[in-house]
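All remarks here apply to the structure that follows.
FYI, it's all coordinate maths here, none of it is from the lab. Keep in mind the model is a prediction, meaning the values are calculated, not measured. Every residue, glycine as well, gets a Cβ built from its backbone with ideal geometry; the counts of neighbours run over all protein chains shown.
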Amino acid sequence: MTARITLRDVTLGYDRHPAVHHLSGEVASGALLAVVGPNGAGKSTLFRGLAGILKPLSGTIDLGGLDIRDIAYLPQSVDIDRSFPISVFDFVGTGLWRATGFFGGMGSRERERIAQALAAVGLNGFENRNIGTLSGGQMQRMLFARVLLQDARLIVLDEAFNAIDAKTSADLLVLVKRWHEEGRTVLAALHDMDLVHRNFPETLLLARGLVAWGPTAQVLTSDNLAEARRMCEAFDDGAAACAVDARPSQAA
C-alpha cells in the first residue's frame, strides 16, 4: 500500500471560516516533506485534515487508499492534556490500538514492544512516570515512541521539534530518517529553517494558501518567505463564512 497524497482544491477551516484556501498538489509515496509558514499559516489545520480529524469545506484529500489505521498523527504537545492521570507506559501503549483494538488486552508481547519503543527514544526508566511530570523534550520523546508503535505508512508530525534541546532534536531526527528510509511518507510542520535545509529535501511553504512547493532550496528563498509573511498579514480573520460546502450535500 502506497501513501501518495493528492490534494485537489482543498479548503479547510472551522465553522465554515477557511484557514487553508484552495490548496492543490501531490505528495509522492515515501516523501520527506517539511511544511513551513508563519504562525497562523494553516499548518496544523492542514495536518488535521490529512489525519481525518477535520473534513474539507471544499475539495478533496485523496490518501491513495490509506485509512485511519495507516496514519500516525503526532499533535502539538500543547494539545495533550498533561493533567490526565496516565503513565508514560500506558500512554505509549495507545499506539498499539491498530493491532489490539481500543479495548484489546495487553499481553507480554505488547508490553515488550512498548518497552522497546521507550528504549528507542531514550525513555528507559520512565515507564511509571505520570505524563504530567515530563519536560518538553521528554514529552516529545514519548510522543515519538507512540508513533513508533503505530507502524503507519503515513506519519504526520505537527511542530514536533519546537522548544526542545539539541540532543533531543538530533535523536528524534534519527527516527524521522529511519522512517523515510523504510519508504514511509513523512510530513513535518517546522519553524527552524536551518533544520529544514539540513534534513528535508522537499518543502511546502504555506500562508493560508500555497506560496511554493518543491525542492527545499528553491522554495525557501527570501522572496518566497517575504511573500508568505505578506499573505498571512493580509488575511482577514473577520471574512464571511465559506458557503461552498453546501453544494456536496445537495448532490448526495
statement: Listed residues LEU32, LEU225, LEU148; largest mean-square fluctuation, Gaussian network over the chain with Cα springs below 10 Å, found at LEU225
Label-point separation, GLU127 to ALA115 (7 Å along Cα→Cβ), nm: 0.5 nm
query: Placing +1 at every Lys and Arg Cβ and -1 at every Asp and Glu Cβ, with all other atoms neutral, what dipole size does the chain have around its Cα centre, in debye to the nearest 20?
result: 460 debye
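Give the residue list of trypsin sites (Lys or Arg not before Pro) in the stretch 19-93 that are DSSP loop and have at most 14 other beta-carbon atoms within 10 angstrom.
Passing both the DSSP loop test and the Cβ count: ARG82.
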- line: Taking only Cα atoms of the stretch 1-84, the Rg to Rh ratio with Kirkwood Rh works out at 0.97
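Over the chain, what relative contact order in percent results from Cα pairs under 8 Å that are six or more residues apart?
It rounds to 28 percent for the chain.
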Cα-projected label distance for ALA217 with ARG229, points at 7 Å along beta-carbon direction, nm: 2.4 nm
task: Using just the helices of the chain, give the 222 nm mean residue ellipticity in deg cm²/dmol: DSSP H runs with n ≥ 4 each add -39,500 (n - 2.57), and the total is spread over all residues, rounded to 500.
output: -10500 deg cm²/dmol
- line: the chain, Gaussian network, Cα under 10 Å: of ALA163, ALA51, ALA152, the residue fluctuating most is ALA163
- line: the chain, Gaussian network, Cα under 10 Å: of GLN76, GLN138, GLN218, the residue fluctuating most is GLN218
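Using the Cβ atoms and a cut-off under 11 Å, what net charge is assigned to the surroundings of VAL78, where Lys and Arg are +1 and Asp and Glu are -1?
Surrounding charge for VAL78 is -3.
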- line: Long-range share for the chain, i.e. C-alpha pairs more than 29 Å apart as a percent of all pairs, stands at 32 percent
